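> Below is a structure I'd like to ask you about.
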Amino acid sequence: MVKAGIALKQWAIAAVAMVFLWVSPGVRAQSNEDCMVCHSDNTLVREYEGGRKVSMFVDESALGSSVHAPLGCVDCHQDLAGVADFPHAEEVADVGCGTCHEDLRELHERSVHGIALKKGETEAARCRDCHGTHYILPKSDPRSSVFHLKQPATCGACHGDSGFLQRHPGMPRAAQSYAESIHGKAVLKYGMNIAAVCSDCHGAHDIHARDDADGPLTRPHVAAVCGKCHPSALGSYRSGIHGVVSTEGKTEPAVCTDCHGEHTIRAPTDPSSSVYVTRIVETCSTCHADKEIVGKFGVSVQRVETYRESFHGLGTKYGSTVVANCVSCHQYHDIKPASDPSSSIHPQNLQDTCGQPRCHMGATERFAKSDVHSSITKPDDWVLQLVRAVYILIIGGTLGGMIIHNAIDYAGRRRHKRNTHADA
């Protein structure tokens, strides 16, 4: 009987202990159902100083379709684990996404956003600013805020906000420029999910400043970034003189963004594009008219000036869209020096270059040897000087004669009108 009494007593103590453990706030983690007692109320709000109100409502059905559906609330809100006194304190700790996503947290901390946060920039993007909070969806889901076609809007929430840009005056107006570019129109207007969006060029979590040596958009890396979508152009560029010299560690040779722009990239057929036919010379001249840049590579800065003085250059100056410009002869991505046998301006290839269907079909070998960059102002070339003088006389005489003729005609009409009124 004594043993039976002891056994009964031990069972009772165990039962009491189990009940105590169940109700003890220090050891029991509340379920999602406990949280939803309050947070299922769509009128639940928290009011901050200044009158700003934030909804505390959580849509349980939407939460159930998120990537975090298998998790409990306190898996993310870990400071609330074991809380038994409800409602809990209003001030709760920020959710530490890096607890589970440590690799992405490290990337973000090294990014321009993470560095800004460490410096106290409260507007710098955190995980929730891009991915959301309770309703995070995989990036492959069209409803996700980081889905390919939705990235411009997500990034534009900051980078397209006028107030944000005013508070950060050195930041480019990337969202607006992108929307007007060929990439932006393809994504925003036509829904093309193969066109470049922000993360294709800048990265996702590891976004770096343009002048950061570790970033993907420093000059040595630009071609590779663009080449992810444009492999054919990348191959041509790397075989050309600009690409070859760039691989030697020099920063002066042109990269994609020097000619095409960055966020403002437009189609070559767009008159506002920096590579439109009437703007090619201006774009190439950015470097080739710079004595400091071309002087390092033994290229004459006079090549731009002599082109502008040529028949082709004058045609370009006055808006001709058919006259030859830089790329007509030198090509564009695979530009090569005249000494290269595969160059379009190598002596053995000049006849084909000049004889292109859109230029001088049937051009002879002798014709192709003409000096394209010949200056009309060289004092030692009397033939060119004579032709120039004759052209000036003809043009000046024609325009002058028209002006004199119109002036005489106008004076005669005025005189006739006065005489008519006098007779009346």
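> Which of the residues that make up the stretch 223-241 are more than 8 Å from D334 (Cα to Cα) and crowded, with 20+ Cβ neighbours inside 10 Å?
Within the stretch 223-241, the subset more than 8 Å from D334 (Cα to Cα) is 223-235.
Those that are more than 8 Å from D334 (Cα to Cα) and crowded, with 20+ Cβ neighbours inside 10 Å: A223, V225, C226.
> Only helices (runs of 4 or more DSSP H) wholly contained in the stretch 267-385 count here; list those with 3 or more residues that are polar (S, T, N, Q). Spell out how you get there, then give the answer.
Values: elements: 280-288, 291-295, 302-309, 311-317, 326-330, 350-354, 365-368.
In the stretch 267-385, the matching helices (runs of 4 or more DSSP H) lie at 280-288.
> Something else about it: Of the residues G362, G355, which single one is over 25 Å from H230 (Cα atoms), out of contact with any Lys or Arg (no Cβ under 8 Å at 6 or more places or on another chain) and free of Cβ contacts under 8 Å to residues at least 12 places away in the same chain?
Every option except G362 fails the conditions.
> Another question about this same structure. What number of residues within the stretch 52-80 are touching a residue at least 12 places away in the same chain (Cβ under 8 Å) and either more than 12 Å from Q30 (Cβ to Cβ) or exposed (fewer than 15 other Cβ atoms within 10 Å of the Cβ) (or both)?
Step one: list which residues in the stretch 52-80 are touching a residue at least 12 places away in the same chain (Cβ under 8 Å), which gives 55-60, 62-63, 65-68, 72-74, 76-80.
Then keep just the ones that are either more than 12 Å from Q30 (Cβ to Cβ) or exposed (fewer than 15 other Cβ atoms within 10 Å of the Cβ) (or both); that gives 55-60, 62-63, 65-68, 76, 78-79.
Adding up the residues that qualify gives 15.
> Further question: List pairs: first residue in the stretch 257-272 and touching a residue at least 12 places away in the same chain (Cβ under 8 Å), second residue in a loop (DSSP other than H, G, I, E, B) and surrounded by fewer than 16 Cβ atoms within 10 Å (Cβ to Cβ) anywhere in the structure, Cβ distance under 6 angstrom, at least six positions apart or on different chains.
Cβ pairs passing all conditions: R266/S272.
> Hey, another quick one. With the requirement that a residue be outside any helix (DSSP H, G or I) and either over 24 Å from the mean Cα position of the chain (by Cα) or in contact (Cβ under 8 Å) with a residue 60 or more places away in the chain (or both), what does the stretch 101-121 give you? Outline the logic, then answer.
Filtering the stretch 101-121 for residues outside any helix (DSSP H, G or I) gives 101, 111, 119-121.
Listed by number, the residues that qualify are H101, S111, K119, G120.
> Residues that are touching a residue at least 60 places away in the same chain (Cβ under 8 Å) and either in a loop (DSSP other than H, G, I, E, B) or more than 27 Å from S65 (Cβ to Cβ) (or both): does the stretch 137-159 have at least one? First the steps, then the outcome.
If we filter the stretch 137-159 for residues that are touching a residue at least 60 places away in the same chain (Cβ under 8 Å), which is where we start, we get 137-138.
Narrowing further to those that are either in a loop (DSSP other than H, G, I, E, B) or more than 27 Å from S65 (Cβ to Cβ) (or both): 137-138.
Within the stretch 137-159, one or more residues are touching a residue at least 60 places away in the same chain (Cβ under 8 Å) and either in a loop (DSSP other than H, G, I, E, B) or more than 27 Å from S65 (Cβ to Cβ) (or both).
> Got a number for residues in the stretch 160-172 being in contact with a His (Cβ under 8 Å, 6 or more places away or on another chain) and either more than 23 Å from S272 (Cβ to Cβ) or in contact (Cβ under 8 Å) with a residue 12 or more places away in the chain (or both)? Break it down into steps so the answer makes sense when it comes.
Of the residues in the stretch 160-172, the ones in contact with a His (Cβ under 8 Å, 6 or more places away or on another chain) are 165, 171-172.
After this cut, where a residue has to be either more than 23 Å from S272 (Cβ to Cβ) or in contact (Cβ under 8 Å) with a residue 12 or more places away in the chain (or both) as well, the list is 171-172.
Number of matching residues: 2.
> I'm trying to understand the selection: among the residues of the stretch 311-328, which are surrounded by fewer than 19 Cβ atoms within 10 Å (Cβ to Cβ) and touching a residue at least 12 places away in the same chain (Cβ under 8 Å)? Let's see the steps before the verdict.
So the first thing to find is which residues in the stretch 311-328 are surrounded by fewer than 19 Cβ atoms within 10 Å (Cβ to Cβ), and the list is 311, 314-315, 317-322.
F311, G319, S320, T321, V322, listed by residue number.
Values quoted throughout were computed directly from the atomic coordinates according to the rules given, and no laboratory measurement underlies them. Predicted model, so just to flag it, every value in this text is computed and none were measured. Neighbour counts run over all protein chains shown; Cβ positions are idealised from the backbone, glycine included.
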